[in-house]
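The values are calculated or read from the model by the stated rules, or taken from the named source; none is laboratory data. The structure presented is a predicted model; accordingly, all values stated were derived computationally and were not measured. All Cβ positions, even for glycine, are placed from backbone atoms using ideal geometry, and neighbour counts span all protein chains on display.
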Amino acid sequence: MNILSNHPLIVANWKSHKTREAAVAWFDAYEAWMASHSNLQAQVVVAPPFPALMFAANRLLKPELRQTFLAVQDLSPFPAGAYTGAVSAQNLSGFDVRFAIVGHSERRRYFHETHQEVANKVDQALQAGITPIVCLDDEYLSAQAAAINPDQLKSCIVAYEPLEAIGSGLNQPVAEVAPIVARIKEVFGNVPVIYGGSVEADNVAEYLGVCQGVLVGGASLDVKEFTGLLEKV
Ligand code: PGA
């Protein structure tokens, strides 16, 4: 397990946003903010698009950013080989990628990913020493878990992401999230569970009462908004 401390995991998922310049500007401001917030009680994970990965990996070598870790937003379900366009776990070696988001609902919806493909990504990640963050909604929680090698379930982090809450501003009430977190832990074992879906500065603290972290999309893009969210952790 790659969880480095008991501090909550705050995952910034940039999705397909940001130019090179915008990524540089985000890190400039983030690093300056972190330099004056060394007592932050959180582990921050940044998941940039692949073209920003090398740059982000270099930035994270800075001592101010030692509480910040790198994730990828996706990973090939195949090993290294003749799979044009895919990014394999082997391609990531040397970048100190700690986490891989797999099975995000946008991957399932727009790229038609199946539970089995997501399970194969979990396997590829774990073989490379990368902790998979498996995204799921409660409707297919059991089906997704059934596709994953039972020995690997307990090595995952699970991101509970109710579909209607993603990008909508309609975050799910914490009272509804809590029982699903419990069900995820019954199925996967006592794994860290994080919540995703319209998390922002005003609601992050509530979720950290019932989960081990949050997956933040829209509110991670603007660095001021994101550091404002971190201040509420
Ligand atoms: P959102 O995205 O914070 O913009 O709702 C969350 C996610 O898709 O992980």
request  = Scan the stretch 191-207 for residues that are more than 15 Å from the ligand (Cβ to nearest atom) and either within 18 Å of F99 (Cα to Cα) or part of a strand (DSSP E or B) (or both) and jot them down.
outcome  = V191, P192
request  = For the stretch 208-218, indicate whether the set of residues that are touching a Cys at 6+ places or on another chain (Cβ under 9 Å) and under 18 Å from G103 (Cβ atoms) is non-empty.
outcome  = yes
message = I need every pair where a residue in the stretch 189-214 that is of a type in the set (S, T, N, Q) has its Cβ under 7 Å from the Cβ of a residue that is in a strand (DSSP E or B) and within 11 Å of the ligand (Cβ to nearest atom), sequence separation at least 6 or different chains.
response = Q212/I194
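For the stretch 79-113, how many residues are within 16 Å of the ligand (Cβ to nearest atom) and either part of a strand (DSSP E or B) or of a type outside the set (A, V, I, L, M, F, W, C) (or both)?
Of the residues in the stretch 79-113, 13 are within 16 Å of the ligand (Cβ to nearest atom) and either part of a strand (DSSP E or B) or of a type outside the set (A, V, I, L, M, F, W, C) (or both).
Just to be sure before I move on: is S168 small (G, A, S) and either within 17 Å of A47 (Cα to Cα) or more than 11 Å from the ligand (Cβ to nearest atom) (or both) in the structure I sent?
The answer is no for S168.
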task = Taking E161 as the residue in question, decide whether it is acidic (D, E), within 11 Å of the ligand (Cβ to nearest atom) and either modelled with pLDDT of 95 or more or out of contact with any Asp or Glu (no Cβ under 6 Å at 6 or more places or on another chain) (or both).
result = yes
task = Give the residues of the stretch 216-227 that are within 14 Å of the ligand (Cβ to nearest atom) and in a helix (DSSP H, G or I), sorted by residue number.
result = G218, A219, S220, E225, F226
